[in-house]
Amino acid sequence: MKSSDRFTPVAFVEKYLRQYVDSGSIILDVGCGPALYRNSTPARYIGVDSSIDSYREVSGDGIMDIVASASELPFSGDRFDVVFVKSALYQFRDTVSALNEFYRVLRTGGRVLIFDYNKRTQKRVQVKEGHNRPCWTQWELMGLVRNSGFRKCELLVPAIKEINIYEKYLRLVKEELFGTWAIVTGLK
């Protein structure tokens, strides 16, 4: 991945956002960084990150809407249709509290959509960055989401085109062994 790609929306993330979000939805992007997905859907977008300074050089002022911790979201309950996180859950200080907050702020029937690094990738990032952070397989991540009260939890693959169920399961195994992502969705 080129360093410039770091600040470009990822096609499969946009695909899933368009699949699960409609124009009347309100979407909360937690750990939004430079708010790359603000214009990926017609939904009303609210970006939250714990620090504004980290991304100021990328997109200037106003890159996020709210500065807050994922474990203490400053919103009333039952407010959002979709809460999503891309490449940030493993960085949150308290993953379980963050997932519980996602559940709290979602409307009944709302969806959580998590795109995070799998265990193999997280281990590489730990070595590179010198930080010990949580690591999980995609199945362990789905268990965390389920244990936070979400139902109909499902693993997704980083694909742009539709695939059949057999190809999906083969790609899930391949992604865990050789890929980068752990992608989980679930409903409140």
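The values are calculated or read from the model by the stated rules, or taken from the named source; none is laboratory data. Since we're looking at a predicted model, the values are computed, not measured. FYI the Cβ positions are ideal-geometry reconstructions off the backbone, even for glycines, and counts take in every protein chain you see.
Annotations
- Some residue of the range 154-169 being basic (Lys, Arg), in a strand (DSSP E or B), closer than 18 Å to Leu113 by Cα and over 15 Å from the mean Cα position of the chain (by Cα): no
- Reported count of residues in the range 152-184, each being at pLDDT 95 or above and touching a Lys or Arg at 6+ places or on another chain (Cβ under 6 Å), is 2.
- Checklist (1) free of Cβ contacts under 8 Å to residues at least 60 places away in the same chain; (2) crowded, with 19+ Cβ neighbours inside 10 Å; (3) over 30 Å from Leu177 (Cβ atoms) applied to Ala88, failing item: (3)
- Taken over the range 158-188, the residue count meeting the criterion of being in contact (Cβ under 8 Å) with a residue 60 or more places away in the chain and under 13 Å from Val13 (Cα atoms) is 8.
- Of all residues in the range 32-52 being in a loop (DSSP other than H, G, I, E, B) and either within 12 Å of Val85 (Cα to Cα) or hydrophobic (A, V, I, L, M, F, W, C) (or both), the one that is modelled with the lowest pLDDT: Ile52
- Single unsatisfied condition, Val83 versus (1) surrounded by fewer than 23 Cβ atoms within 10 Å (Cβ to Cβ); (2) in a strand (DSSP E or B): (1)
- Whether a residue is out of contact with any helix residue (DSSP H, G or I) (no Cβ under 9 Å at 6 or more places or on another chain) and surrounded by 15 or more Cβ atoms within 10 Å (Cβ to Cβ) was assessed, and Glu175 does not pass this test.
- Neighbours by Cβ (under 8 Å, 6+ apart or cross-chain): first from the range 142-157, at positive phi; second of a type outside the set (Gly, Ala, Ser) and surrounded by 14 or more Cβ atoms within 10 Å (Cβ to Cβ): Gly149/Asn100; Gly149/Tyr103; Gly149/Lys188; Lys152/Leu187
- Among the residues listed as Gly77, Gly110, the single one being at pLDDT 95 or above, of a type in the set (Gly, Ala, Ser) and either touching a His at 6+ places or on another chain (Cβ under 8 Å) or crowded, with 17+ Cβ neighbours inside 10 Å (or both): Gly110
- Being within 30 Å of Phe75 (Cα to Cα) and of a type in the set (D, E, K, R) holds for only one residue in Lys188, Lys161, Lys174, and it is Lys188.
- Subset tally (residues that are of a type outside the set (A, V, I, L, M), surrounded by 18 or more Cβ atoms within 10 Å (Cβ to Cβ) and closer than 22 Å to Val173 by Cβ) for the range 136-156: 3
- Residue in the range 110-124 that is outside any helix (DSSP H, G or I), in contact with a Phe, Trp or Tyr (Cβ under 6 Å, 6 or more places away or on another chain), touching a residue at least 40 places away in the same chain (Cβ under 8 Å) and β-branched (Val, Ile, Thr) present: yes
Per-residue answers, yes or no, for (1) under 22 Å from Glu14 (Cα atoms); (2) under 15 Å from the mean Cα position of the chain (by Cα):
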site: Pro74; (1), (2): no, no
site: Phe80; (1), (2): yes, yes
site: Val83; (1), (2): yes, yes
site: Gln91; (1), (2): yes, yes
site: Leu99; (1), (2): yes, yes
site: Thr121; (1), (2): yes, no
site: Lys128; (1), (2): no, no
site: Asn132; (1), (2): no, no
site: Leu141; (1), (2): yes, yes
